[in-house]
1. May I ask for the distance between the Cα centers of region B:87-115 and region B:189-223, given as a whole number of Å?
2. Given contacts defined as C-alpha pairs under 8 Å and at least six residues apart, what's the relative contact order of chain B, whole-number percent?
3. Relative to the longest principal axis of the C-alpha atoms of chain A, give the angle of the C-alpha long axis of helix A:3-28, reported between 0 and 90° and rounded to the nearest 10°.
4. Show me the ranking of peptides B:314-327, B:72-85 by mean Cβ neighbours inside 10 Å, starting with the highest.
5. Ranking request for peptides B:301-308, B:185-192, A:54-61: highest mean number of other beta-carbon atoms within 10 Å first, then the rest in descending order.
6. Tell me, what are the semi-axes, in whole angstrom and largest first, of the equivalent ellipsoid of region B:137-246 as set by the roots of 5 times the Cα gyration tensor eigenvalues?
7. Across the residues of B:302-315, average count of Cβ atoms on other protein chains within 10 Å?
8. What is the gain in length, in nm to one decimal, between residue B:83 and residue B:311 on full extension, counting 0.36 nm per residue of separation less the C-alpha to C-alpha distance?
């Protein structure tokens, strides 16, 4: 399976559950649109960050810069229609959404650069070990301090 | 003072005299400044609060705004309170005072600000902060009633408004709990005040009537709720006794927002969104599987988002309106509560035309402050809304409409009896002693009495509301919308119900 397909499937994998949860919640609580959408956005950004940690080193290891960036874009841009909907519900302003997405793009590029560096500097089992370490360490940090960085993003 | 100012001259004065003169000049200017400023204003505004400004917290009252201008033209009058803003457009004739009677819901934390803009002139602003807030129910005393027996009660507070401050709109009666009226004063009221008073009576407002019996008879004809809330007294001294007996009478309030909400139809606004997201996911998967060029795949999320933004930034809304009206069989007017729900189809501004008979909403659930635009010529009222996708905004209106019940319900010693007066062609529900009966379609003039066997209550919201509202009374429920009452245009899609309370058969 090529890198772009992985990007699409990863995007689908994390945004589909959030979308389904949001729409089914709206069926039962039509009067709580803004709190539900805000809750969905929080879950979406957390899932997006964790998906980046899982997949970006993987893209870096298997593809060149061009394909890895394209897959990264697919992974990040998959829930764009959901973000457009969030703007339309008034749960968040366009500027706020752009700021949050920019922060994630910055984080993704940094992660890709780090992973690419590790790929260049290491090989074999050491590469495998260091990249897995990068993934586990970053994921653990993101999860441990999720309230701080999500709060920093205004969520 | 003005004369003195104009004759003052400064010629060869000593230094101290000069300062004294300057001080006097300053004082004159300070006193004249407001007068000069007013004279320079293109519009003169006089504020005339109903009930001399007395009101209870949360009530809608009325504010009269008298406008006078040297030059005529369109005037835009904005009345802003803490929670609502009403914009009224009217045409002002030169040098002819125009008085607009506006429903307002003052805010106890902020002044009511009135801004008037005459076409081509600078805005003129006035503030009114002299509302007389009271927590105790207010009883307005109009005419010749002795104070001594009316005062000193814990459960009400009396006040004596000027005749001119009696409301000109039915909503203006909301601040008071009861009215003591000497019918001798009726001749001094203008047509709008009389119409508002009749509206108060039709809406089952509490009234003690004294004075000439002929005028009282004429007025009492308009009373709703089988005249349960009207007392007639022969002598003014008996006013307090009548008021005390009236005070014990309780009227069941019309359903509130939570009571009416279940009557609104279910909107499945999420369905198009589910289709959009499902279609989008499918397109992305197909592109990933079968298209080998990178560009379509990379651009697809942006294209779908742009499409969504294009649709959702146009605003728009879905409108639902339901009403619940109540009438006592044999009365000539009914009270109603209507719930208007506006569900946004996108993010934007939306102006919704509402019937002018609706007045100001008595309650609303909306993220933004209430904004109403009111045109006087021709009469048109619009709610100005900021809509957001899927977000419902609800507004509750109350009022009274004229008309008789299409079915008569009499409570005889043997039980209830339903008579079709000839206009109703559907079936109805009867609630009697906590039981449910279906009233079949009746030909004009036909009578019907309930059978021995009652039915099981249904679970529909209107049946639940019927059960609740008729817990202590016998009542009929039938479909009846505000279109049937003549308040709405035929084109408006609306639902509604009419509860007909039984009239006790009079004993010979």
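Coordinate-derived values only; no laboratory data. On a predicted model such as this, the values are computed, not experimentally measured, just so you know. All Cβ positions, even for glycine, are placed from backbone atoms using ideal geometry, and neighbour counts span all protein chains on display.
1. 26
2. 11
3. 20
4. B:314-327, B:72-85
5. A:54-61, B:301-308, B:185-192
6. 19, 15, 14
7. Mean number of neighbouring Cβ atoms from other chains: 4.
8. Gain on extension, residue B:83 to residue B:311, equals 79.0 nm.
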